[in-house]
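The values are calculated or read from the model by the stated rules, or taken from the named source; none is laboratory data. Fair warning: this is a prediction, and the values are worked out from it, not measured in the lab. Positions of Cβ are generated from backbone atoms using ideal geometry, with glycine treated the same way; all protein chains shown enter the neighbour counts.
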Amino acid sequence: MQSLWLLIPLFLFFLITLPIIIESRFSYNLEKNIGFFSIKLWFFTISTISFKIKGKYLIIRTKNDAKQVEISLIGPEIKLLEQLTVQIKDKIKVKKLEFHSNIGTNDALETALLSSLLSIIVGVLWGYIKNYKDTASVDIYTYPNYVEKNFLISLLARVSISIFDLIYSFIMASIILKKSDSKKGYVKVKK
């Protein structure tokens with residue numbers, strides 16, 4: 001009977017060290033100022049949102065809700081997100097990165113030049129990521145549209161991280177942010 005109780009800590013240890021495979025898809029149409037973002041955990045879609053940028057605000061609308069939320073691009077939440085990315089960047093394992101672009105102007109020469117320039121910039125970025133994450137599979141797909149005017153970019157990222165690393169990084173980011181706020185003497189007043 002006692003040996004069955006040992007399975008519970010073993011299961012919890014397995015659950016904590018199990019890598020979380022996250023797949024995110026991002027697409028943005030610059031001409032219409034609308035984008036879509038979707039997150040999958042293993043094989044389950046967690047969230048799909050549409051967004052647009054308006055000044056210093058990001059306006060988010062979920063797929064199921066009709067209400068919209070405005071998020072400021074400047075604020076303490078952004079500072080926490082920045083600190084979390086600093087803490088988590090070495091712990092993430094990048095599996096796959098894909099970049100798709102569909103660019104078109106009414107001029108064929110401008111379309112070809114703009115498509116090539118964007119491919120070169122993304123290629124340099126993918127090369128930089130590939131230097132640090134050797135196991136990453138990176139691809140660039142460029143579709144120049146010589147018929148109509150549009151600017152559509154899309155990104156697919158498949159990464160994995162363990163639950164323990166995610167929790168540890170969040171706690172460290174919160175501690176570092178609180179220490180930096182206390183050193184600067186910020187006082188938060190609730191109204």
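Determine which single condition ASP107 fails, assuming it passes every other condition in (1) modelled with pLDDT of 85 or more; (2) closer than 24 Å to ARG25 by Cβ.
Failed condition: (2).
Scan (1) exposed (fewer than 13 other Cβ atoms within 10 Å of the Cβ); (2) out of contact with any strand residue (DSSP E or B) (no Cβ under 6 Å at 6 or more places or on another chain); (3) of a type in the set (Lys, Arg) for the single condition LYS149 breaks and write down its number.
Tallying (1) exposed (fewer than 13 other Cβ atoms within 10 Å of the Cβ); (2) out of contact with any strand residue (DSSP E or B) (no Cβ under 6 Å at 6 or more places or on another chain); (3) of a type in the set (Lys, Arg), LYS149 fails exactly one: (2).
State which residue pairs qualify: first residue within 28 Å of THR111 (Cα to Cα) and inside segment 125-144, second residue loosely packed, with under 11 Cβ neighbours inside 10 Å in any location, beta carbons under 9 Å apart, and separation of 6 or more residues or different chains.
Close Cβ pairs satisfying both conditions: VAL138/GLY127.
State the number of residues belonging to segment 85-124 that are of a type in the set (Gly, Ala, Ser), more than 30 Å from ILE21 (Cα to Cα) and free of Cβ contacts under 8 Å to residues at least 40 places away in the same chain.
Result for segment 85-124: 4.
Which pairs turn up if I take residues in segment 22-34 that are under 17 Å from GLY55 (Cβ atoms) and among the aromatic types (Phe, Trp, Tyr) and look for partners that are surrounded by fewer than 15 Cβ atoms within 10 Å (Cβ to Cβ) and at pLDDT 80 or above with beta carbon separation below 7 Å, at least 6 apart in sequence or on another chain?
Filtered contacts from segment 22-34: no entries.
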